[in-house]
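The values are calculated or read from the model by the stated rules, or taken from the named source; none is laboratory data. Treat the numbers as computed from the prediction; the structure is a model and nothing was measured. Here Cβ is always computed from backbone atoms with ideal geometry, including for glycine, and neighbour counts include all displayed protein chains.
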Amino acid sequence: MNKLLSLALALPLVACVVGTDEMTPGPGPGSAPVGSDPPPSGTDPDPTALQGSITAPLTLSGAVKVTGAITIEAGAVVTVMPGTTIEIASPSVAINVKGTFDIQGAKGSEVVMQPTNAADHWGGVNVTGSYKMSYGKQIGGPIHMSGATASTLIVDSTMARASGDYLVMGGGTLDVQYSNLGLETGDSSHCNLHLNQAASIVFTHNNIAGAPYGLMFYAGAGDFTHNNWITVTGQYAVEPGNTGSANFADSYFSGGQPTATPGLNYNPLASAKLLDVGPR
């Protein structure tokens, strides 16, 4: 697998934000998308569609369709309310986060983000700004972090089914706790967690499962204590040339301890699957 991945998508964007009572702010029914011609008499744009460049605060709730690539520009904040469903229309569509993307789900009222066709994949969330997810389900699309300003905070959430590697770090800070990364029954992702470069990593109380590789660790420093590492193939990869350091103590590995590597601590390991991990 290439050690260097493309972590940001340069996609042509139509400067268009459409909203209704479910999306605030935004033009209501009968209003034209920003930058477009007025709709013909007697017609309305799709009142749930969202695409383009977002430059002002925006709150999403209810059922939302992402019909084209989105860029949350620097300084803009997009907040997603509990119970929101976000359907991604195209396998090539990505959400590019330069500002702040804040998913505020709640227990029993999770935010679900997935492709319109459940069997498809989508472009995922590309983070150079701030991405926060609490009680969310991000299915079918990965998370790619790039640059020193990238920050991702995820708690009580489930992430699964990328078309390649799922959570890829090319810089910044990562904090994932009490979450699921991958599906124990098998996952389309090639690697659950791929670390090329990182300033800070906290990754604890999680289930990591289902992909051929649970971890590919090339660089970084992190706290990986108290996790379940479960795989259907028994493969883990801590790359021989890695320059990172990490503590995996108090974790359970279904395939046994990975090969000892300088800079990585596995002791003591849990002898049985941990129960106080994953969404609470």
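Per-residue answers, yes or no, for (1) closer than 19 Å to Val93 by Cβ; (2) at pLDDT 95 or above:
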{"residue": "Gly136", "(1), (2)": "yes, yes"}
{"residue": "Ser157", "(1), (2)": "no, yes"}
{"residue": "Gly171", "(1), (2)": "no, no"}
{"residue": "Asp175", "(1), (2)": "no, yes"}
{"residue": "Ser179", "(1), (2)": "no, yes"}
{"residue": "Thr185", "(1), (2)": "no, no"}
{"residue": "His190", "(1), (2)": "no, no"}
{"residue": "Val202", "(1), (2)": "no, yes"}
{"residue": "Gly222", "(1), (2)": "no, no"}
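Determine whether Gly210 is out of contact with any Cys (no Cβ under 6 Å at 6 or more places or on another chain) and surrounded by fewer than 22 Cβ atoms within 10 Å (Cβ to Cβ). Walk me through it before giving the result.
Working: out of contact with any Cys (no Cβ under 6 Å at 6 or more places or on another chain): yes; surrounded by fewer than 22 Cβ atoms within 10 Å (Cβ to Cβ): no.
No; evaluated as a whole, the condition is false for this residue.
Return a yes/no flag: does segment 140-150 have any residue that is free of Cβ contacts under 8 Å to residues at least 12 places away in the same chain, over 24 Å from Gly68 (Cβ atoms) and over 13 Å from the mean Cα position of the chain (by Cα).
If we filter segment 140-150 for residues that are free of Cβ contacts under 8 Å to residues at least 12 places away in the same chain, which is where we start, we get none.
No, the conditions are met nowhere in segment 140-150.
Across segment 250-272, what is the number of residues that are at pLDDT 85 or above and either outside any loop (DSSP other than H, G, I, E, B) or over 25 Å from the mean Cα position of the chain (by Cα) (or both)?
Keep residues of segment 250-272 that are at pLDDT 85 or above, which gives 250-254, 265-272.
Among the residues that remain, those that are also either outside any loop (DSSP other than H, G, I, E, B) or over 25 Å from the mean Cα position of the chain (by Cα) (or both) are: 250, 252-253, 265-272.
Residues meeting the conditions: 11.
Which strands (runs of 3 or more DSSP E) does segment 142-195 wholly contain that include 1 or more residues that are closer than 24 Å to Lys107 by Cα and charged (D, E, K, R)? I'd like the intermediate steps shown before the answer.
Values: elements: 143-146, 151-155, 158-160, 165-170, 173-177.
In segment 142-195, the matching strands (runs of 3 or more DSSP E) lie at 173-177.
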